1. Test of understanding: what is the full-extension gain from VAL72 to GLU55, defined as 0.36 nm times their sequence separation minus their Cα-Cα distance?
2. With axes computed from alpha carbons, what is the tilt in degrees of helix 6-15 against the longest principal axis of the chain, rounded to the nearest 10 within 0 to 90?
3. Can you give the log10 of the normalised intensity I(q)/I(0) at q = 0.14 Å⁻¹, computed with Debye over equal Cα scatterers of region 6-74?
4. Can you list residues from other chains, or at least 5 along the same chain, whose modelled amide H is less than 5 Å from the amide H of VAL44?
Amino acid sequence: MRTITKNHLDYLRKQYPSGTIVKLLSMEDLQAPKKGTLGKVFHVDDTGTIHVKWETGSTLGVVYGVDSIVKVSND
């Protein structure tokens, strides 16, 4: 896991507020949803992990510097 600066953390929180719809590009987790799965952001924590409720019902977080998503829309 990478260390995140306060400025970058603030940026992530502005880019991915609660309710933002995202699409999964890649995730390094055995329980990860399939690439292309949509989800709704519900929190960005102090480590920069973007917590998402995926359309599969999973709530796996997108780990800063490891996993990858793209913003689809703000709800």
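Here, each number is a calculation from the coordinates, and none is a lab measurement. Owing to the predicted nature of the structure, the values given are computational and were not obtained by experimental measurement.
1. Numbers: separation 17, 0.36 × 17 = 6.12 nm, distance 1.37 nm.
Between VAL72 and GLU55, full extension yields 4.7 nm more.
2. 40 degrees
3. Log10 of I(q)/I(0), two decimals: -0.34.
4. HIS51
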